[in-house]
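Structure first, commentary second.
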2 protein chains.
Amino acid sequence: MIVDVLRQLGASADEASEQASALVEGDLRGRHSHGVQRLPVIVERLRAGLIRPGASHHATWTAEAMLSVDGGFGFGAHVARRVVEMISERAARTGLAAAAIRNASHLGMLAPYVEYLATNGLVALAFTTSEALVHPWGGRVALVGTNPVAIALPAGGEPFVMDMATGAISKGEVIARRLRGQDLPPGAAVDAEGRPTVDPVAADRGAISPFGGSKGFALGLAIELLVAALTETELGQRVRGTLDVTDPVTKGDVLMVFDPVACGVQPFSERLGAYLRELRDSPPAPGSQGVTIPGDRMRAERRRRLREGIPLPEGLWRELVALREGVDREASARA
Amino acid sequence: MIVDVLRQLGASADEASEQASALVEGDLRGRHSHGVQRLPVIVERLRAGLIRPGASHHATWTAEAMLSVDGGFGFGAHVARRVVEMISERAARTGLAAAAIRNASHLGMLAPYVEYLATNGLVALAFTTSEALVHPWGGRVALVGTNPVAIALPAGGEPFVMDMATGAISKGEVIARRLRGQDLPPGAAVDAEGRPTVDPVAADRGAISPFGGSKGFALGLAIELLVAALTETELGQRVRGTLDVTDPVTKGDVLMVFDPVACGVQPFSERLGAYLRELRDSPPAPGSQGVTIPGDRMRAERRRRLREGIPLPEGLWRELVALREGVDREASARA
């Protein structure tokens, strides 16, 4: 269905299936903020010409280990898939290679990209900027992105995959709790006056807090600067174009990959896997279910949902069905 | 005085002054856990042959952008200074270069290295493993290092420099508060049974908590794996040799540098500086002094202490004086 909608709006078969896969991976991994709930915005952006199907992206090796990518305002997932292959191939020679991507629409969750690289034996890092939803530590105005970082490595049977935003909570989760009338966790957000709040309505008019206080702020800000500098994209409130339906995309993405074989390092996958088992098997804190390794829960969710299906809120489902009918009607009218 | 002590114990003039500078920088920047309080351990490690003055390190470009460094159990600061020059020079051609360092003693704070690189117009990242002092999220046993990350970029007048451990508090701070009979901040540590505690005596027998809950744990763990994999060094409780006086060093360090000119990116320093001013000038949260940018406080401390001197606890001062007298006596006896 997602593929059909995107095809009707001009996406190529590859673009449509890669974009659909990026959205479905979000839902499969339990990260609904990156799931099909983003389809309506993508459709609006396609209609407004802000995402350009069939756009050709330009990837240039500005230096031996550095790929500069202009996405041509095309589908982010489509661009990123190709970039991932290019830097993997290059790292086989240079040991380490990076890509700085601008003018590409939202990539979706970073986890699938770095996981793919780690499954191929590589060490991968990814950084992205996003709309300014987070207040600086000590401040109250949303001036910093939720800027996620993802890191993956081969680690025994399944790779280690961490993928986290540097905000204490996602905007999607704030909205979801507002719709369900649930409180936010303490410390996750402030109201318009900068006072800590657990009320999702107040938080929606205020700002998300950085995770982990001043340290989480430092990390999120470092990502904001690193990505903006290397990708020549925007900073703070001038980062636009993944949540709105009005502005060209001005966020950036940085992907980095180490090829351990090219770097001449001894095989480490089994050794890392054994250490992660040591952590999982270590005594739990009182009242805790025990240690879970980043990526474990996501993988368990993914397996369960592949088996049982993805539960979607009824409202979203109705919206998606209406969206499809609208797109189909337009297509018939054109035919 | 530090230089004299290290010289008496066999360090070359360069080794001694670089090690001394690394320690003094810790104190100047208000990070006493990385300051001269580490000198007694360094002296013991020198006496035990665990730090080897005059050791030659081997640095090999295993791939075009990847430098593999065996520190030969020499002084970490001495090794790192040279490595920083090598990767800077290489990045001028490859755009991006990294070094994986093993068998080098403690580097000291990471901030001075990345700050130096950013002052030279480069974008720098550094990751280090350290002794397992932090419990995994959901667990209670110290199995993960306090693994710091540092990131620096040119940003107007002074570079942006963030340098933070992934533990909620440093071991040095736990000890300092124990000595002064002060409580720890809530959430910073657990006791031996894994219960949150603000008692530094109980925390000393327990474990430090990761900063920022499960996300901080994810970041610290990713650094543990990344560094161990690329530098062929140890994991978890097998990481030794920066706090003890008994074991060879088994931690690793990863340094990465982007050369923006080589990468062909447009100058960004002024633009980042303007954004940081925007953050500093933004409205403060109620009760806050306003937004401080990572590195601001450290720089202010450094300037003040260069002017006014570094306050040291009397006990530490007496220990250092005794240390020097002991080393001098040994030298006279040998002469």
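The values are calculated or read from the model by the stated rules, or taken from the named source; none is laboratory data. Keep in mind the model is a prediction, meaning the values are calculated, not measured. Every residue, glycine among them, receives a Cβ derived from its backbone with ideal geometry; neighbour counts consider all protein chains shown.
Does region A:196-215 hold any residues that are on the phi < 0 side of the Ramachandran plot and touching a residue at least 40 places away in the same chain (Cβ under 8 Å), and which are they? Even if it seems obvious, please write down each step before you answer.
Initial filter on region A:196-215 (on the phi < 0 side of the Ramachandran plot): A:196-211, A:214-215.
Result: A:206, A:207, A:208, A:209, A:210, A:211, A:214.
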Any hit, region A:228-236, residues being more than 8 Å from chain B (Cβ to nearest Cβ) and within 23 Å of residue B:291 (Cβ to Cβ): yes
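For region B:107-115, state whether one or more residues are at positive phi and among the small types (Gly, Ala, Ser). Quick ask: steps written out before the conclusion?
Residues of region B:107-115 at positive phi: B:108.
Filter once more, keeping what is among the small types (Gly, Ala, Ser): B:108.
Yes.
Is it true that residue B:239 is within 14 Å of chain A (Cβ to nearest Cβ), touching a strand residue (DSSP E or B) at 6+ places or on another chain (Cβ under 8 Å) and either farther than 30 Å from residue A:263 by Cβ or not aromatic (Phe, Trp, Tyr) (or both)?
On the way: within 14 Å of chain A (Cβ to nearest Cβ): yes; touching a strand residue (DSSP E or B) at 6+ places or on another chain (Cβ under 8 Å): yes; either farther than 30 Å from residue A:263 by Cβ or not aromatic (Phe, Trp, Tyr) (or both): yes.
So residue B:239 passes the test.
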Qualifying residue in region B:243-250 (condition: facing chain A (nearest Cβ under 9 Å), crowded, with 19+ Cβ neighbours inside 10 Å and either in contact (Cβ under 8 Å) with a residue 60 or more places away in the chain or under 26 Å from residue B:142 (Cβ atoms) (or both)): no
Looking only at region A:288-335, and only at residues there that are within 9 Å of chain B (Cβ to nearest Cβ) and free of Cβ contacts under 8 Å to residues at least 60 places away in the same chain, the one that is farthest from residue B:195 (Cα to Cα): A:292
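The rows are residues; the columns are (1) within 21 Å of residue A:311 (Cβ to Cβ); (2) of a type in the set (Lys, Arg).
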site	(1), (2)
A:9	no, no
A:12	no, no
A:21	yes, no
A:47	no, yes
Considering residues of region B:174-192 that are within 14 Å of chain A (Cβ to nearest Cβ) and of a type outside the set (Gly, Ala, Ser) only, the residue surrounded by the fewest Cβ atoms within 10 Å (Cβ to Cβ): B:186
Enumeration of residues in region B:242-264 that are of a type outside the set (Asp, Glu) and out of contact with any strand residue (DSSP E or B) (no Cβ under 7 Å at 6 or more places or on another chain): B:242, B:243, B:245, B:246, B:250, B:261
Filter result for the condition that a residue is surrounded by fewer than 23 Cβ atoms within 10 Å (Cβ to Cβ) and more than 10 Å from every other protein chain (Cβ to nearest Cβ), over B:115, B:158: B:158
Residue list for region A:98-152, filter: within 22 Å of residue B:126 (Cα to Cα), part of a strand (DSSP E or B) and not hydroxyl-bearing (Ser, Thr, Tyr): A:98, A:99, A:100, A:123, A:124, A:125, A:126, A:127, A:149, A:150, A:151, A:152
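What tally of residues in region B:297-315 results from selecting those that are surrounded by 12 or more Cβ atoms within 10 Å (Cβ to Cβ), within 20 Å of residue B:20 (Cβ to Cβ) and at pLDDT 90 or above?
5
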Enumeration of residues in region B:285-296 that are assigned to a helix (DSSP H, G or I) and exposed (fewer than 11 other Cβ atoms within 10 Å of the Cβ): none
Subset of region B:193-221 that is under 10 Å from residue B:140 (Cα atoms) and more than 10 Å from chain A (Cβ to nearest Cβ) - its residue that is surrounded by the most Cβ atoms within 10 Å (Cβ to Cβ): B:208
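Based on this model, can you work out whether residue B:274 counts as in contact with a strand residue (DSSP E or B) (Cβ under 9 Å, 6 or more places away or on another chain), hydrophobic (A, V, I, L, M, F, W, C) and either on the phi < 0 side of the Ramachandran plot or surrounded by 22 or more Cβ atoms within 10 Å (Cβ to Cβ) (or both)?
Values: in contact with a strand residue (DSSP E or B) (Cβ under 9 Å, 6 or more places away or on another chain): no; hydrophobic (A, V, I, L, M, F, W, C): yes; either on the phi < 0 side of the Ramachandran plot or surrounded by 22 or more Cβ atoms within 10 Å (Cβ to Cβ) (or both): yes.
For residue B:274, the condition - in contact with a strand residue (DSSP E or B) (Cβ under 9 Å, 6 or more places away or on another chain), hydrophobic (A, V, I, L, M, F, W, C) and either on the phi < 0 side of the Ramachandran plot or surrounded by 22 or more Cβ atoms within 10 Å (Cβ to Cβ) (or both) - is not met.
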